[in-house]
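Remarks on the structure that follows.
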Amino acid sequence: MKGYEDRMRSRLRRRSGGPFGGSGLGGQRGIALLEVLVSSVILTIAILGLALMFSFGASYVAAEGGERIAVFLAQQRMEELRAIGLARATAEAERAIPGFPGFLRSTTIVGGVDPDGSGEVPRLITVSVRSTIRQAGPVTVTAVYIRH
């Protein structure tokens, strides 16, 4: 009987150690509070990193959408100038675009003045569009007009 009791006591001693058979903090089984806190901090940092990544991704998508709108508006102005004739195109100061709040457009013309619209004077026509509310950069469309 004594041998049986000794074997049972040694089994109980081995089981009372830490989760991996060693003695845990204070010789108790289970997870210590310190381990829970450390793992919580690591998990919180990982979750914050993911949240920031999604936030930056969303802002880049919004900026890309703003650039597409700006390109559309610059091309639209250039087509308006082509419709009236690039030789007769006039400069336009930066101003708001009707129907597109938060976007400003300007038209600059470098070259000589062509009052009769003959096209004898070469001109560099630049249309710039920028957004005041989105994170998009300014967009510029340029046309060179030379009559040949």
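Of note:
- Close pairs from the stretch 78-91: first outside any loop (DSSP other than H, G, I, E, B), partner exposed (fewer than 11 other Cβ atoms within 10 Å of the Cβ), Cβ under 7 Å, at least 6 apart: 87/118
- Among the residues of the stretch 78-122, the ones that are among the hydroxyl-bearing types (Ser, Thr, Tyr) and either modelled with pLDDT of 85 or more or buried (at least 16 other Cβ atoms within 10 Å of the Cβ) (or both) come to 3 in all.
The values are calculated or read from the model by the stated rules, or taken from the named source; none is laboratory data. None of these values were measured; they are calculated from a predicted model. A quick note on method: Cβ atoms are made from the backbone with ideal geometry, for glycine too, and the neighbour counts reach across all protein chains shown.
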